[in-house]
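Engineer: Quick one: the structure is below, questions incoming.
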Amino acid sequence: MKNIERDDLIWLAGLFEGEAWFGSSKTGNPRLSIECTDRDVAGRAAMMMEANLRARMPRNERSQPTYVAEVSGDKAADLMETLLPFMGARRTSKIIEILYRHGRKLSNTRMHAPLGMVNV
């Protein structure tokens, strides 16, 4: 994964808070996916993620096409770890769970607790 500038990383984290899916594939590999209707937004995220952008056509005439960028495996795990300090409590918890299952031991999860949250 290329080095993402701090401002871009913060933008990406904000986008991922509302639009991304953090999970694992059927084989247990970390997976990170973003889907939205704005092609330019999805395209910018795809460039930062080093992912391909694909269009998903609408299911009916009242819907708009959506654009999807997705990474998996070590690339997804690296991105999750990089985004971790900028994510909210719910996403932070999910990312730590995924990384732990993938065998990544974080040296200090305490620093990843968002402001206002009690450190455990």
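Engineer: Restricting attention to the stretch 10-42, and to residues there that are part of a helix (DSSP H, G or I), small (Gly, Ala, Ser) and within 22 Å of Pro58 (Cα to Cα), which single residue is modelled with the lowest pLDDT?
Structural biologist: Filtering the stretch 10-42 for residues part of a helix (DSSP H, G or I) gives 10-19, 39-42.
From what is left, the residues that are small (Gly, Ala, Ser) are 13-14, 18, 42.
Right, trim to within 22 Å of Pro58 (Cα to Cα) and you get 18, 42.
Details: Gly18: 91, Ala42: 96.
My answer is Gly18.
Engineer: Could you check Glu19 against (1) farther than 16 Å from Lys94 by Cβ; (2) without any contact (Cβ under 8 Å) to a residue 24 or more places away in the chain and say which number it fails?
Structural biologist: Of the numbered conditions (1) farther than 16 Å from Lys94 by Cβ; (2) without any contact (Cβ under 8 Å) to a residue 24 or more places away in the chain, the odd one out for Glu19 is (1).
Engineer: Then there's this: Filter the stretch 52-87 for residues that are in a loop (DSSP other than H, G, I, E, B), touching a residue at least 24 places away in the same chain (Cβ under 8 Å) and more than 15 Å from Glu17 (Cα to Cα) and give the result.
Structural biologist: Applying the first criterion (in a loop (DSSP other than H, G, I, E, B)) to the stretch 52-87 yields 52, 57-65, 73, 87.
Now restrict to residues that are touching a residue at least 24 places away in the same chain (Cβ under 8 Å): 64-65, 73, 87.
Scanning the stretch 52-87 gives Gln64, Pro65, Gly73.
Engineer: If you don't mind, another one. Which of the residues that make up the stretch 26-47 are surrounded by fewer than 19 Cβ atoms within 10 Å (Cβ to Cβ) and touching an Asp or Glu at 6+ places or on another chain (Cβ under 8 Å)? Walk me through it before giving the result.
Structural biologist: So in the stretch 26-47, the residues surrounded by fewer than 19 Cβ atoms within 10 Å (Cβ to Cβ) come out as 26-29, 33, 35-41, 43-44, 47.
Passing the criteria: Ser33, Glu35, Cys36.
Engineer: Oh, and also: Name every residue in the stretch 70-103 that is exposed (fewer than 15 other Cβ atoms within 10 Å of the Cβ) and among the basic types (Lys, Arg), in order of residue number.
Structural biologist: Across the stretch 70-103, the qualifying residues are Arg90, Arg101.
Engineer: Still on this model: For the stretch 95-120, enumerate the residues that are among the β-branched types (Val, Ile, Thr) and either at pLDDT below 55 or part of a loop (DSSP other than H, G, I, E, B) (or both).
Structural biologist: Within the stretch 95-120, Thr109, Val118, Val120 meet the criteria.
The values are calculated or read from the model by the stated rules, or taken from the named source; none is laboratory data. Only a predicted model underlies this, so the values are computations on that prediction, with no experimental measurement involved. Note: ideal-geometry Cβ built from the backbone for every residue, glycine included; neighbour counts use all protein chains shown.
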